[in-house]
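Read-outs: derived from the displayed coordinates by stated rules, not from any lab. As the structure is a prediction and not an experimental result, all values here were calculated from the model. Cβ sites come from the backbone with ideal geometry, for glycine too, and all protein chains shown count toward neighbours.
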């Protein structure tokens, strides 16, 4: 769900579902200290509003790297998507995404962390391409019945952003987890 206010206009904004962006990874069956995966990322135009999605089918490469020394989880997800189809009245897509993540794991499933989503729109003018958030928050791995959940609240200030865009962002997330069952 996306709630996107228009900073230059009071009481104006857009709310709805965004595009789905699934990634699929191939990775070693027996990872070492560095866990990695490489595969495709897809953009599916599932947005419920013209303003909460790009309206284009897209795809590109995706890479994830992470390590877990002690109580830490440190890594990054990187991809780039190019549009491959969709309505001609919507702009073509060529966008970069990097989400680095640093978590310090506490007791009882709680963690402190940061996981900003840094983006670049390569089709935008040079000074308007990047959004670079800085911030963090708290999360917890818990269960809803037998299903593990990752819940988190994070707040970010956009240190770099195109003119006219919001100077801050917030992520409230609930993610269902489906780990592989031990044999």
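Couple of notes before you dig in:
- Among 166, 29, 49, the largest mean-square fluctuation in a Gaussian network model of the chain (Cα springs under 10 Å) belongs to 29.
- Euclidean distance of C-alpha centroids, segment 15-45 and segment 145-183, integer Å: 15
- Extension gain, residue 26 back to residue 126 (0.36 nm per residue minus Cα-Cα distance, nm): 32.6 nm
- Computed extension gain for residue 160 through residue 178, at 0.36 nm per residue and net of the alpha carbon distance, reaches 3.0 nm.
- Of 144, 112, 91, the residue with the greatest mean-square motion in the GNM of the chain, using alpha carbon springs below 10 Å, is 144.
- Across segment 11-54, the residues whose backbone nitrogen lies under 12 Å from the label position 7 Å along the beta-carbon direction of residue 84 are 40-44.
- Using C-alpha pairs under 8 Å with a sequence gap of at least 6, the mean separation divided by the residue count of segment 13-176 gives a relative contact order of 13 percent.
- When the Gaussian network model of the chain links Cα atoms closer than 10 Å, the mean-square fluctuations of 57, 42, 15 top out at 15.
- 17 Å cut-off, amide nitrogen to a point 7 angstrom out along residue 1 Cα→Cβ, residues in segment 158-183: 170-176
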